[in-house]
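Have a look at the structure below before the remarks.
The values are calculated or read from the model by the stated rules, or taken from the named source; none is laboratory data. Nothing here was measured: the structure is a model prediction, and the numbers come from that model. A quick note on method: Cβ atoms are made from the backbone with ideal geometry, for glycine too, and the neighbour counts reach across all protein chains shown.
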Amino acid sequence: MAGVTQKAVYHSDDGNAYAIRLPSWEAALQTVTSPTTEPPLPKGYRRRKRFYRISSTGKEGSVTVCSSSDTLYTNAFGTAVSIPVLGSGTAAASTLQGRTGERDKAI
C-alpha cells in the first residue's frame, strides 16, 4: 500500500463486519464507514477486489471493495472511474474490468 491509509469497515460475505486498513484513495472511490467495535479481519481471508485499467497507459490494478452491494463492485464492466496516479497528483481516466469475490479458509 502506498500513501495515506485509513481504517474502514469491511462487510464480509459471512454477514460479519470487520475492521481493515486500506489506502485513502481506495476509500474515496466507495462508501466506507469508520470501525468502532469491529474485530480485525481474520487470517485466511482474501478481500473482494475490483480491477481497473488506466486508459492512457494500459496499466492494470485492483482495489479492495468493502461491500458487495457498493456500486464500485456492481457497476458494469467498462464503467469509467478516475484513479489517482502515484507521484503525479492527478487522476487518470480508467475503466472497470473484472472482479473477484471474497475467499476464506480456516487456518
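In region 1-28, what count of residues is obtained for those that are hydrophobic (A, V, I, L, M, F, W, C) and part of a strand (DSSP E or B)? So the count comes out to 6.
Each row is one residue, and each column tells you yes or no for (1) modelled with pLDDT of 95 or more; (2) touching a helix residue (DSSP H, G or I) at 6+ places or on another chain (Cβ under 6 Å); (3) in a loop (DSSP other than H, G, I, E, B).
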| residue | (1), (2), (3) |
| --- | --- |
| GLN30 | no, yes, yes |
| PRO42 | no, no, yes |
| ARG53 | yes, no, no |
| SER69 | no, no, yes |
| VAL81 | no, no, no |
| ILE107 | no, no, yes |
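Filtered by the rule that a residue be under 30 Å from TYR18 (Cβ atoms), assigned to a strand (DSSP E or B) and of a type in the set (A, V, I, L, M, F, W, C), region 83-104 gives ILE83, ALA91, LEU96. Out of the residues in region 81-98 that are among the hydrophobic types (A, V, I, L, M, F, W, C) and in contact with a strand residue (DSSP E or B) (Cβ under 6 Å, 6 or more places away or on another chain), which is surrounded by the fewest Cβ atoms within 10 Å (Cβ to Cβ)? The extreme case among them is ALA91. Working only within region 54-74, note down all residues that are crowded, with 18+ Cβ neighbours inside 10 Å and either in contact with a His (Cβ under 7 Å, 6 or more places away or on another chain) or of a type outside the set (Val, Ile, Thr) (or both). Selection gives CYS66, SER67, LEU72, TYR73.
If you take the residues of region 2-14 that are within 14 Å of TYR45 (Cα to Cα) and either over 14 Å from the mean Cα position of the chain (by Cα) or of a type in the set (Phe, Trp, Tyr) (or both), which of them is surrounded by the most Cβ atoms within 10 Å (Cβ to Cβ)? Across region 2-14, the extreme among qualifying residues is TYR10. Residues that are surrounded by fewer than 12 Cβ atoms within 10 Å (Cβ to Cβ) and within 21 Å of ARG103 (Cβ to Cβ) within region 15-44 comprise GLY15, PRO39, LYS43, GLY44, listed in sequence order. Among all residues of region 71-79, there is none that is closer than 21 Å to TYR10 by Cα and assigned to a strand (DSSP E or B).
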